[in-house]
Every structure is written in structure tokens, then in C-alpha cells.
Amino acid sequence: MSRQDINRSGEMEVFVSVVERGGFSAAATARRMTPSAVSKLVARLETRLGARLVNRSTRKLQLTPEGCAFYERSIAILADIAEAERQASTGEQAWGRIRINTSGSFGNHVLAPLVPAFMALHPAVTLDISHTDRIVDLMEERADVAIRAGPLKNSSLIARKLGATRKIIVASPDYLSRHGKPRTIADLRRHCRIGFSYARAIEGWSLREGGETVTIPITPGLQVGDGEAMRHLALSGAGLARLAAFTVRADIDAGRLVPVLEEANPGDLEEFYAVYMGQGGQLPARVRALLDFLASHVRF
């Protein structure tokens with residue numbers, strides 16, 4: 001078969017289906033092919049490229065480093081082809097699915113209220129939103145955009161700042177009635193301080209004492225993996241929690257939570273970013289539309 005006869009975009013589409021569906025059989029069903037035809041196509045692709053893309057010896061589909069790189073470039077190339085066709089036929093229009101990965105706190109308190117307005121502006125776009133506080137691999141999670149707090153560490157990604165929020169120590173009225181309200185930083189030693197179970201840039205609470213900012217370590221007795229779980233523990237009276245202001249603003253206004261040691265709050269800000277893969281090519285219109293919308297509508 002000559003190079004001119006090779007349907008490269010078709011090969012990429014099948015390979016992407018194998019990766020995203022998690023196997024040859026599922027991809028075959030989605031592409032209306034037989035599993036053997038899909039397997040042979042991937043084998044021919046590997047032979048032509050001179051590189052193994054998929055490890056077949058494991059029960060779970062596993063990409064090789066070369067397979068990961070080829071998948072990432074295939075996604076970008078197929079998106080460029082679709083974008084070119086859309087611009088030629090209907091002009092610059094956002095449509096298609098956007099996969100968003102964000103923390104539960106941001107997703108519930110900031111993103112969710114904005115979704116109806118975004119969908120009204122872009123009715124041809126569908127959103128697939130998943131919540132987790134852990135740092136994710138965008139390619140592994142098949143995410144177009146991840147929304148995270150803190151500075152960008154991976155130079156292969158691009159970050160767009162959405163804003164910043166204060167942190168507040170809070171507790172429920174029930175907890176404070178049982179344990180007393182801490183009046184000084186030293187009082188925190190006798191209180192349960194709920195912490196996160198994953199690594200953070202600063203392990204502890206930043207507070208102002210004697211004109212200096214100090215870091216108070218978290219007691220290991222109660223840890224959780226996400227901000228929403230921490231908020232619910234605080235609401236239940238389990239202990240003190242230090243959370244983003246937007247997460248607990250409604251609870252404070254309703255009297256369900258009470259700010260603690262605000263006079264020692266250093267006013268440090270936690271910055272939030274929309275993180276995406278965008279180097280080496282144009283963003284799809286749907287992703288660009290989402291980023292522009294978030295940058296102009298997110299308020300903390």
C-alpha cells in the first residue's frame with residue numbers, strides 16, 4: 001500500500017477509540033468493525049510507525065510512552081481537522097463535548113451556578129464534569145480543562161488565572177459550644193483541626209502572630225481527601241476547618257458555620273487556574289469559549 005493510499009485520519013480515529021473505550025472489542029462496537037479488524041489495524045499502524053503503541057500482555061489496556069504520545073497528537077490532529085471543516089461549513093462556532101475536571105468545592109459553589117448561562121450561550125456544547133481534589137493527568141483523565149488551586153508546576157501545560165480567594169477558619173456553633181471558641185493561636189492546640197489527606201504546597205494553616213506569619217501544623221486525627229468533605233465535617237461539628245471563603249460564605253451567612261480567629265488571618269490568597277493542553281496548536285473553539293467565559297464570569 002502506497003503512502004498516498006493510507007487513511008491516516010481513519011487510523012487515528014480507530015486508535016483513539018481503542019484508547020478511550022479501553023479495548024479492541026469496545027472500540028470495534030463503537031466503530032462498527034470486528035475486534036480482529038481493529039486489532040489488525042493497530043498492528044499495521046505499529047508496523048508502519050516502527051513502535052509498539054499498546055501493551056497486549058496485560059488484562060487492562062496499557063499504552064506505551066510512544067502510544068501516549070501518538071494518542072495525544074492524534075487527538076490534536078483530529079480536532080484540527082474537525083475545526084477546519086466546521087469553519088469552512090458553518091464558521092467559527094463552539095460545539096462538541098468539553099470534559100472538565102475540578103475540585104468538588106469549586107464545582108459545586110462556583111462552576112455549577114455558571115453552567116446554565118454558558119449552555120444558553122453555546123447550545124451546541126455538552127459538558128462532562130468530574131470532581132476530584134487530587135492533581136490529575138489531563139491526558140489520562142481525557143480532560144480538556146482542569147480547574148485547580150495553586151501555581152502551575154507542569155511546563156507542558158498552560159494555565160489561565162480565574163481569580164483568588166481568602167481562606168477562613170470555621171467551626172459549627174455546636175462544636176464551639178462543646179469545646180469553646182479559640183481566642184489565640186495557642187488555643188488551637190486543644191482543638192481538632194481537620195486536614196487534607198493529600199500533599200499540599202503548604203502543610204498547615206498560615207496565621208498572623210506578633211507581626212509575623214506562622215504555620216500551624218494540622219493534627220493527624222482527622223483528614224479528608226476533598227474540600228466538600230471537610231466542609232461537611234465542619235458542619236457536623238467534627239472540628240475546625242480552614243477553607244476557601246467561597247466554599248463557606250453561604251454557611252456563614254446562614255449561621256451554620258462561624259469564623260474563628262479572623263484577627264489572626266494573614267489575608268493570604270489561594271489562586272485558581274484553568275489548566276489545559278494548548279502548546280503546538282490552536283485550541284478547539286469549544287474549549288476557547290469555555291476559558292473565555294470562565295475568565296469573565298468567575299467571581300470569588
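Condition test on ALA43, is it over 21 Å from the mean Cα position of the chain (by Cα) and either more than 30 Å from ARG231 (Cα to Cα) or at pLDDT below 90 (or both)? Break it down into steps so the answer makes sense when it comes.
Numbers: over 21 Å from the mean Cα position of the chain (by Cα): yes; either more than 30 Å from ARG231 (Cα to Cα) or at pLDDT below 90 (or both): yes.
Criteria met by ALA43.
Quick one: would you say GLU72 is acidic (Asp, Glu), at pLDDT below 90 and closer than 14 Å to VAL19 by Cα? The answer is yes for GLU72. Of the residues making up the stretch 234-254, those that are open to solvent by 40 Å² or more (accessible area, probe 1.4 Å) and either closer than 17 Å to HIS109 by Cα or over 28 Å from the mean Cα position of the chain (by Cα) (or both) are LEU235, ARG249, ALA250, ILE252, ASP253, ALA254. Against the test of being within 30 Å of PHE293 (Cα to Cα), in contact with a strand residue (DSSP E or B) (Cβ under 6 Å, 6 or more places away or on another chain) and either among the acidic types (Asp, Glu) or open to solvent by 20 Å² or more (accessible area, probe 1.4 Å) (or both), the options ARG166, ARG160 yield a single qualifying residue, ARG160.
I'm checking my understanding of the structure. Among residues of the stretch 261-288 that are hydrophobic (A, V, I, L, M, F, W, C), open to solvent by less than 50 Å² (accessible area, probe 1.4 Å) and touching a helix residue (DSSP H, G or I) at 6+ places or on another chain (Cβ under 8 Å), which one is modelled with the lowest pLDDT?
LEU283
Do you know which residues across the stretch 96-130 are of a type in the set (S, T, N, Q) and buried (at least 18 other Cβ atoms within 10 Å of the Cβ)? Show your work before the answer.
At the first step, the residues of the stretch 96-130 found to be of a type in the set (S, T, N, Q) are 101-103, 105, 108, 126, 130.
Within the stretch 96-130, ASN101, THR102, SER103, SER105 qualify.
Among the residues of the stretch 75-95, write down those that are of a type outside the set (Val, Ile, Thr), open to solvent by 60 Å² or more (accessible area, probe 1.4 Å), closer than 20 Å to PRO123 by Cβ and at pLDDT below 65. Those that are of a type outside the set (Val, Ile, Thr), open to solvent by 60 Å² or more (accessible area, probe 1.4 Å), closer than 20 Å to PRO123 by Cβ and at pLDDT below 65: GLN87, SER89, GLU92. Restricting the stretch 96-119 to residues that are touching a helix residue (DSSP H, G or I) at 6+ places or on another chain (Cβ under 7 Å) and not in a helix (DSSP H, G or I) leaves a set whose member that is modelled with the lowest pLDDT is GLY96. Just need a number here: residues in the stretch 18-37 that are open to solvent by less than 20 Å² (accessible area, probe 1.4 Å) and either farther than 19 Å from PHE70 by Cβ or part of a helix (DSSP H, G or I) (or both). Total satisfying the criteria: 4.
Taking the stretch 218-296 and the strands (runs of 3 or more DSSP E) fully enclosed by it, no element has 2 or more residues that are without any contact (Cβ under 8 Å) to a residue 24 or more places away in the chain. Which number in (1) in contact with a Leu (Cβ under 8 Å, 6 or more places away or on another chain); (2) over 23 Å from ARG148 (Cα atoms); (3) open to solvent by less than 20 Å² (accessible area, probe 1.4 Å) marks the one condition that MET230 misses? MET230 satisfies every listed condition except (2).
The values are calculated or read from the model by the stated rules, or taken from the named source; none is laboratory data. Nothing here was measured: the structure is a model prediction, and the numbers come from that model. Cβ: placed from backbone, ideal geometry, glycine included. Neighbour counts: every protein chain shown. Surface accessibility is based on the protein's heavy atoms, side chains included, excluding ligands, DNA and RNA. Shrake-Rupley method; radii C 1.70, N 1.55, O 1.52, S 1.80 Å.
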